[in-house]
2 protein chains.
Amino acid sequence: MADVKISIIGAGSATFSLALVKDLCLTPNLSGSTVSFMDVDEERLEAVYTLCKRYAEETKTKLKLEKTTDRKKSLQDADFVINTALVVGYSGYRAGWNIGFKHGYRFGGSYHIMHDEGFWINFYQFRLFESIVNDILDICPDAWYLKLANPVLAATTYLGRKYRKLKFIGLCHGYLGVFHLASVLGLSSEKLEFKVPGVNHFVWLTDFRCNDEDSFPVLNEWIEKKSQKFFEKCGFSSDVGPKAIDLYRRFSVFPIGDTCTPGGGSWPWWYHTDDETEKKWKEDPKSWWKWVLEPSKEDAVSKLIKAVHDPSVKVTSIYPPQKSRESIINIVESLTCDIPRVYQVNVMNTENLVPGVPLDFEVEVPSLINKKGFKGEKTKGLPKAVTSYLLRDRVATVEVELEAYETGSKKRLLDLILMDPWTRSEEQAKSLLEDILALPQHTEMREHYL
Amino acid sequence: MADVKISIIGAGSATFSLALVKDLCLTPNLSGSTVSFMDVDEERLEAVYTLCKRYAEETKTKLKLEKTTDRKKSLQDADFVINTALVVGYSGYRAGWNIGFKHGYRFGGSYHIMHDEGFWINFYQFRLFESIVNDILDICPDAWYLKLANPVLAATTYLGRKYRKLKFIGLCHGYLGVFHLASVLGLSSEKLEFKVPGVNHFVWLTDFRCNDEDSFPVLNEWIEKKSQKFFEKCGFSSDVGPKAIDLYRRFSVFPIGDTCTPGGGSWPWWYHTDDETEKKWKEDPKSWWKWVLEPSKEDAVSKLIKAVHDPSVKVTSIYPPQKSRESIINIVESLTCDIPRVYQVNVMNTENLVPGVPLDFEVEVPSLINKKGFKGEKTKGLPKAVTSYLLRDRVATVEVELEAYETGSKKRLLDLILMDPWTRSEEQAKSLLEDILALPQHTEMREHYL
């Protein structure tokens, strides 16, 4: 039984923290561990802590739970640092997007504006990540930094280049979409083998087997015979919807999870040129983002926090003790207890794991993890055309964004906007940039980008 | 005195062939050489041959001149194969461009449609190059293939990847624009030192010295004090015009030659969004291409050919015997007579000569050439943002074009069109593609792209 300390930075996300504690409770190897919840929002921290504590008691775990608003204290003696924090909050998304709408921008292929990785969101994320990393290297330099917060693509690249001594893995659960695809096809998730390489939010199914048999023929038959019926019932912007199938038809590899859904920026633009085209493809990114665009006063999180104040509710009844598919606690177990397993992770492409992606850029690949750390798998990469889009719509833009951030250059931010599929003129790009920078909450960003 | 055989494939271009013969006449080391003019157009071949013969006689050279319409015969015993041929001719450009105009495409950043490297032009060029290369490897495998014909970017990459045994250099005189810049600034071209790395038609001045002094301050002062006056007089779409200066302001490296002019596709799009914007930047790609769009019946070439029939005209009076700045004959001399000199060439990036460009892609770099061949110079590369645009607008598109060509895939051609800055919808892209393929002259292409 291992005895590690896990520090959760941004623990105020109740759903995330509870899911993590739940998985920890269900991992006997880690049952003696300490979890340190850290958040700047005292009220949320208290609520999450109480909830998790009750959960731990209900499940009779030996986990030690701590809470603090002091990050440095939380990092003391930490073996793992997990980070999910979102600095600007959903209102921050909204403020930028509304400016985007005003200037003619749409959801759909717009990765750095009409998406939750907009440059004015990422700016604060980069700053947070860097300050966490600096604290880790200072206080607990041997700890693993497991970063779940967005942007995974840009920040894994940024941190991977800059902090070479950091023990660091970027995680995103988007690849789990492969299980959705399997279930739609009626394939057993237990017997599934797959490879979904790429870069974060741009991962494609290149190998797909079930019960030792190639599953692509099953997919092809399903498309031919059953997809139309499925499309009638599937929701808008489904990761197995008409758009995903059309992309598979084009490229012979299947876009997984957020690769073509609003969660990954609804790549590419041509399915989203106007409402009519979106309707034809059963796409509706605006509805997908409704929880951000038109938030209800009583959302899931606030409901959960309410439960804190009602001791009659068993937390285990809301979160039944079944292990989630999130890999994070399993990764902690593999690293701690030397249990080798393969995970989908975001790491630097130094060893050319996805050919065609620059070596100093991040990739999302299967990776063996054990006590020694991770060893990314060398994949065969993606079809040429997909790699070309990857260079064009992911690498080029992220490079420009990072250059803008590192040099504090407003000119480079303008380049980023000029690369957006909805930018039709330099004037439009300039107006968007000025209007976003002019938002009262962006004092810090205005001072940075000169 | 060396005795080499130079085979000129596509010798019917009178201006090119004459310039080449002129430079040969002025290179004593090569005066015993044989030039074999080869063209499929007998009339033009005859005219060029007669003209060059008269030139040779007027200058009392010892050059041996031959002509043939049989390529294989011309390649027999060749030491150098020079290729400038354009298969579709200017009427081929026009036919495609007119379809482009119809579908809302404009000159300006459109590299594979509204440019002389349109996919329906390149298709025939690729075929020609491959058949020449196969003949070379068969008939004169030790010969150097010096390719001047467009597309240099796509074809150097394509041939460089596929024919590794071929002794091959791609050439483009676009970089000579640096001498235009120098002359505008009043700098002596004799004392100029410069580096203009990049990929073909996308090369940027990173080092600029005259008389052992940094010349960027001279450029900066000229911009501040004299550029406005120059802009009043310079022609439209000048490579030292307002657009070039604005790009220099953005990126701190100067776009050289065709990098931002219509000759290189008028990159990037945002200076060309409408006529008014173009006017503001003193850009007019349509006028630049007037010789193609509205050809006069009596152009420079036909005038020159007329001279053939008028023995009273001295050819040397039209083409005075002064060495041109074209590097081709000097390169032949360096390779033949082991005279080491540095040239601007297009070669594969295998040795990472321009960091950030994929290793299996071409680059345009300074290169030492002597009897052993060429040794490309490892440059410091381009600023991050410029490299990002290069990946986005040059690498990604060329990769898709080559994939389309190699696999005969119409789907991939559609991807290429979807990457064009003027494509606003998939329908528009499809219409353009279908209309171009439907042109009567494109039977061969229709059969290739399925």
>> From the alpha carbon gyration tensor of the range B:214-307, can you work out the equivalent ellipsoid semi-axes (sqrt of 5 times each eigenvalue) and give them in Å, largest to smallest?
In response: 29, 16, 12
> Over all Cα pairs of the range B:384-450, how is the pair count split among 5 Å bins, expressed in % and running from 0 up to the last occupied bin?
Replying inline: 4, 18, 23, 23, 18, 8, 4, 2, 0
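Packing-wise, with mean Cβ within 10 Å as the measure, how do A:393-403, A:65-75 rank, highest first?
On the way: A:393-403: 24.9, A:65-75: 17.4.
Highest mean packing first, the order is A:393-403, A:65-75.
Please report the net charge: other residues with Cβ closer than 12 Å to the Cβ of B:His173, K and R +1, D and E -1. Display every interim value, and only then the final one.
On the way: positive: B:Arg325; negative: B:Asp258, B:Glu326, B:Glu364.
In short, -2.
For the range A:161-241, which GluC sites (Glu not before Pro) are both in a DSSP coil and crowded by at most 12 other Cβ atoms within 10 Å? Walk me through the numbers before you get to the answer.
Details: sites: A:Glu190, A:Glu193, A:Glu213, A:Glu221, A:Glu224, A:Glu232; in loops: A:Glu190.
Passing sites in the range A:161-241 are A:Glu190.
Net charge near A:Ser110, counting Lys/Arg +1 and Asp/Glu -1 over other residues with Cβ under 12 Å of its Cβ? Write out the running numbers ahead of the final one.
Numbers: positive: A:Arg106; negative: A:Asp116, A:Glu117, A:Asp393, A:Asp420.
Residues close to A:Ser110 contribute a combined charge of -3.
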> When N counts the residues of the protein assembly as shown, how does its alpha-carbon radius of gyration compare numerically with 2.2 N^0.38 Å, as a ratio?
Replying inline: 1.07
> How big is the charge dipole of the range A:385-450 about its Cα centre, in debye rounded to the nearest 20, if each Lys and Arg gets +1 on its Cβ and each Asp and Glu gets -1 on its Cβ?
Replying inline: 140
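If you take the accessible area of A alone plus B alone and subtract the pair, what total do you get in square angstrom, rounded to 100, with a 1.4 Å probe?
3000
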> With charges only on Cβ, +1 for K and R and -1 for D and E, what is the dipole size of the range B:285-382 about its Cα centre, in debye, rounded to 20?
Replying inline: 280
> Across peptide B:373-379, how many C-beta atoms of other chains are within 10 Å of each residue C-beta, on average?
Replying inline: 0
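Where Lys and Arg each count +1 and Asp and Glu each count -1, what net charge lies around B:Val308 among other residues with Cβ under 9 Å from its Cβ?
Once all neighbours under 9 Å are counted, the net charge is 0.
Within a 10 angstrom radius of each residue's Cβ in A:247-259, how many Cβ atoms of other chains show up on average? Whole number is fine. Could you put the intermediate results ahead of the total?
Values: counts 0, 0, 1, 5, 3, 1, 0, 0, 0, 0, 0, 0, 0.
If you average over the peptide's residues, the count of other-chain Cβ atoms is 1.
Quantify how strongly other chains surround peptide B:394-401 by giving the mean number of their Cβ atoms within 10 Å of each of its Cβ atoms.
Working: counts 0, 6, 10, 3, 1, 8, 6, 1.
Partner-chain Cβ atoms within 10 Å, mean over residues of B:394-401: 4.
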>> To the nearest 20 Debye, how big is the dipole of the range A:226-348 about its Cα centre, given +1 on the beta carbon of each Lys and Arg and -1 on that of each Asp and Glu?
In response: 400
> Rounded if a/c is under 1.5, else prolate if a/b beats b/c, else oblate: with a ≥ b ≥ c from the C-alpha gyration tensor eigenvalues square-rooted, which is chain A?
Replying inline: rounded
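By how many nm would the segment from B:Ser252 to B:Arg94 lengthen if fully extended, with 0.36 nm per residue of separation less the alpha-carbon distance? Walk me through the numbers before you get to the answer.
Details: separation 158, 0.36 × 158 = 56.88 nm, distance 3.56 nm.
Stretched out fully, the B:Ser252 to B:Arg94 stretch lengthens by 53.3 nm.
Quickly estimate the mean residue ellipticity at 222 nm for chain A, helices only: each DSSP H run with n ≥ 4 gives -39500 (n - 2.57), and the total goes over all residues, rounded to 500.
Numbers: 21 runs with 199 residues, N = 450.
Helices in chain A give a 222 nm mean residue ellipticity of -12500 deg cm²/dmol.
Place the peptides B:344-352, A:440-448, B:272-280 in order of packing, highest mean first, counting for every residue the other Cβ atoms within 10 Å and averaging per peptide. Mind showing how you got there, number by number?
Numbers: B:344-352: 19.8, A:440-448: 13.0, B:272-280: 15.1.
The most tightly packed comes first, giving B:344-352, B:272-280, A:440-448.
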> With all protein chains present, how much of the accessible area of the range A:357-450 (probe radius 1.4 Å) comes from carbon and sulfur, to the nearest whole percent?
Replying inline: 56
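Please find the FRET efficiency linking B:Glu43 to B:Lys290, where r is the Cβ-Cβ separation and R0 is fixed at 22 Å, and quote it to the nearest 0.05. Write down the numbers at each step before the final one.
Details: r = 26 Å, r/R0 = 1.16.
Plugging the Cβ-Cβ distance into 1/(1 + (r/R0)^6) gives 0.30.
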> Just in the range B:105-183: which trypsin sites (Lys or Arg not before Pro) are loop by DSSP and have at most 14 other Cβ atoms within 10 Å?
Replying inline: B:Arg164, B:Lys165
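How high is the FRET efficiency from A:Phe179 to A:Asp77, r the C-beta distance, R0 35 Å, rounded to 0.05?
Between A:Phe179 and A:Asp77 the formula returns 0.45.
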>> 5 Å is the cut-off here: which amide hydrogens, built 1.01 Å from N in the peptide plane, fall below it relative to A:Phe168, excluding neighbours closer than 5 in sequence?
In response: A:Tyr145
> Which residues in the range A:221-257 have a backbone N closer than 19 Å to a point placed 7 Å from the Cα of A:Lys280 along the Cα-to-Cβ line?
Replying inline: A:228, A:231-232, A:236-238, A:241-251
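Considering only DSSP states other than H, G, I, E and B, which trypsin sites (Lys or Arg not before Pro) in the range A:172-239 qualify as loop sites with at most 15 other Cβ atoms within 10 Å?
Details: sites: A:Lys191, A:Lys195, A:Arg209, A:Lys225, A:Lys226, A:Lys229, A:Lys233; in loops: A:Lys191, A:Lys226.
Within the range A:172-239, the qualifying trypsin sites (Lys or Arg not before Pro) (loop, at most 15 other Cβ atoms within 10 Å) are A:Lys191, A:Lys226.
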> How much area per residue is accessible in the range B:168-294 when the probe is 1.4 Å and only protein heavy atoms are counted (Å²)?
Replying inline: 42
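Taking 0.36 nm per residue of separation and subtracting the Cα-Cα distance, what length does fully extending A:Asp212 through A:Arg127 add? Before the final figure, lay out each step's value.
Details: separation 85, 0.36 × 85 = 30.60 nm, distance 4.56 nm.
Difference between extended and current length: 26.0 nm.
The values are calculated or read from the model by the stated rules, or taken from the named source; none is laboratory data. Small disclaimer: the values here were computed from a predicted structure and weren't measured. Cβ atoms come from the backbone with ideal geometry, glycine included; neighbour counts cover every protein chain shown. These accessible areas exclude ligands, DNA and RNA; they are computed on the full protein's heavy atoms, side chains included. Shrake-Rupley method; radii C 1.70, N 1.55, O 1.52, S 1.80 Å.
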